[in-house]
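Read-outs: derived from the displayed coordinates by stated rules, not from any lab. The structure displayed is predicted, hence computed values, not measured ones.
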Amino acid sequence: MAEHCWLCERPLGRKVEWHHPVPKSRGGRETVAVHPICHRTLHAQFSNGELARIGADVVALRADPVVAKFVAWVSGKPPDFHAPTARKR
């Protein structure tokens, strides 16, 4: 099992979710370990079509202004931290 979150690179906590960088509905099979809050953020910010185009390019995901702000904010939080996630408007 991975020791760090694929998106934010913080150590993983007790709860781990498995994210498909390319959605299963778009043919993705690979999974990566992420915090639940990171997983919610990815799906709140990007549609499956956008995730299919970006794929496993985590650098491109982190470059998105909303995701970059989230990663900076969550970086000092404990591994099992969770908060409500706002959807993209």
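Once backbone amide H atoms are built at 1.01 Å from N, HIS4 has LEU12 as its partners under 5 Å, excluding neighbours fewer than 5 places away on the same chain. Once the Cα-Cα distance is subtracted from the 0.36 nm per residue extended length, the ARG29 to HIS43 segment shows a gain of 3.3 nm.
Compared with the alpha-carbon gap, the fully stretched path from ASP64 to GLU9 is longer by 18.2 nm at 0.36 nm per residue. Straight-line reach from LYS24: taking Cα to Cα under 19 Å and skipping same-chain neighbours fewer than 8 places apart, the aspartates and glutamates in range are GLU50, ASP57. Can you tell me how the chain classifies by the Cα gyration tensor, rounded, prolate or oblate, using a/c under 1.5 as the rounded cut? The shape class here is oblate.
For a straight C-alpha distance cut-off of 15 angstrom, the aspartates and glutamates reachable from LYS77 (same-chain residues fewer than eight places away being disregarded) are GLU9.
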